[in-house]
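Let me begin by presenting the structure, written as structure tokens, before commenting on it.
Any read-out appearing in this document is the output of simple, stated calculations on the displayed coordinates, not a laboratory observation. Remember, it's a predicted structure, so these values are computed and weren't measured experimentally. Virtual Cβ from ideal backbone geometry, glycine too; neighbours counted across all protein chains shown.
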Amino acid sequence: MSIETEVLWLDEHRVVSLEELVQCSGLAREELLELVHGGVIPAREVHGTSYTFSARVIGVARTASRLRSELELDITGLGVALRLLERVSTLEDEIARLRAILPRG
Amino acid sequence: MKYSDYYAALGVERGASQDEIKKAYRRLAQKFHPDVSKEPEAEARFKEVAEAYQTLKDPEKRAAYDALGQRPQGEEFRPPPDWTRQHSAGGDEHAFDDVDFADLFARFGARGGRGGPFGSAHGGMPGQDFEVPVEISIEDAFRGTTLELQLSMPEYDDAGRLHRVPHAVKARVAPGAVDGQRLRLPGKGGKGFQGGRDGDLYLDISLKPHRLYRATGHDLYVDLPLAPWEAALGASVEVPTLAGTVNLKVPAGTPSGQKLRLSGRGLPRPRGGAGDLFAVAQVVVPSPLSERERELYGALRDATSTNPRRRFAEGA
């Protein structure tokens with residue numbers, strides 16, 4: 001017998017802290033901050049050493065964590081890989097949008 | 001459990017050096033990593049390769065794996081009692097009774113000070129996070145749905161034994177999920193061990209193809225077949241939407257490919273509002289023609305000054 005559970009939407013409306021992002025991704029705080037400072041993971045707000053993020057970036061941070069541990073990438077390689085994946089994702093979204101517009105025929 | 005040939009998974013000889021094993025893993029991981037590969041079966045292949053590497057890269061685990069002997073891939077298999085006694089915490093010969101082969105070596109170090117990644121010096125091991133792809137229909141995305149998932153997760157009991165435990169998870173997905181939406185279910189992943197927090201469950205939502213609608217974000221597209229006279233003269237036509245049929249005024253002179261917007265008739269947004277539904281006009285040529293239709297089209301041809309290929313002449 002399962003009980004209905006809490007569901008959190010990981011979208012731009014939900015805000016997460018750096019600590020939550022560390023917990024969700026498995027990346028170290030320093031690694032995350034390097035990716036944030038490199039512009040790979042965008043912060044929503046920065047106040048001194050306090051950061052907040054859109055919950056959407058949890059997916060990016062988890063991908064970063066997988067790539068780092070499973071492909072043994074260093075932080076520079078990780079940054080390049082994530083930027084390329086972001087470009088691929090943008091292009092895939094655009095292809096999907098154009099396909100949706102095309103009549104099925 | 002079924003035996004996995006880890007050396008075959010990595011494509012190396014059983015006597016391969018640690019360096020050869022590492023190189024083989026890197027080559028295959030780059031090829032099959034599910035975050036970067038579009039190869040068919042990439043995820044399953046990567047899982048095999050990663051599982052093999054996790055064991056073979058660790059000399060202690062590799063020695064234990066080798067001690068099981070070589071068997072055909074997929075052969076039904078049970079670790080011999082002496083092997084189990086030797087490699088389980090406290091010599092428990094039932095320690096591996098209900099685990100997958102993949103869990104066999106992950107268990108090393110859970111108890112008994114073997115020093116693996118699961119040591120409890122810091123007061124507990126957090127449960128594993130799980131990420132599960134879930135397909136829902138466009139209707140479910142529109143109305144919202146309750147997912148009932150049956151998952152199997154590796155879990156440690158109080159004695160530190162690993163088991164495969166069925167997990168039933170029920171989750172309400174509110175209206176408005178789109179392709180690529182991620183949901184997080186805190187604490188619904190693997191159980192923590194010795195006071196560690198429970199892992200999370202992530203659901204990666206995708207929308208099933210629909211017989212009528214194509215979704216992009218919260219917008220929907222539907223083909224709108226029109227007779228030539230409807231496109232030329234204009235018409236009021238019925239269009240199916242997810243909330244029921246609506247009448248759409250097609251303006252006179254609507255060409256094929258023209259998008260007609262039905263505002264707010266797409267998928268709802270989770271925080272209010274909705275995407276649009278676009279009806280894409282498709283002029284359908286009647287076929288076959290009756291004798292009368294042929295006459296009327298002939299009369300139209302003779303009466304019209306329209307040249308649909310005027311641009312060809314302009315470009316010459």
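A few comments on the model shown:
- Taking the inverse of the mean reciprocal distance over all distinct Cα pairs, the Kirkwood hydrodynamic radius of the protein assembly as shown comes to 25.9 Å.
- Summing Cβ point charges (Lys, Arg +1; Asp, Glu -1) relative to the Cα centre of the range B:124-191 gives a dipole of roughly 180 debye.
- Kirkwood radius, the range B:185-316, all distinct C-alpha pairs, inverse of mean reciprocal distance: 19.1 Å.
- Take each residue of peptide A:6-15, count the partner chain Cβ atoms within 10 Å of its Cβ, and average: the result is 6.
- Tail beyond 16 Å, pair distance distribution of chain A (Cα, percent): 63
- The antiparallel fraction among DSSP beta bridges confined to chain B stands at about 70%.
- In chain B, a dipole from Cβ-located charges (positive for Lys and Arg, negative for Asp and Glu) runs towards its positive end, and of B:F193, B:A168, B:P228 it is B:P228 whose Cα lies farthest in that direction.
- Cα radius of gyration and Dmax for the range B:239-316 (Å): 18.9, 57
- Charge dipole (Cα centre; +1 on Lys/Arg Cβ, -1 on Asp/Glu Cβ; no other charges) of the range B:243-315 amounts to roughly 460 debye.
- Inverse of mean 1/r across different Cα pairs in chain B, Kirkwood, Å: 25.1
- Partner shielding of A:28-39 amounts to 0, given as the average count of beta-carbon atoms from other chains within 10 Å of each residue beta-carbon.
- For peptide A:95-104, the mean count of partner chain Cβ atoms within 10 Å of a residue's Cβ comes to 6.
- Charging the Cβ of each Asp and Glu at -1 and of each Lys and Arg at +1, and nothing else, the dipole of the protein assembly as shown about its Cα centre rounds to 1200 debye.
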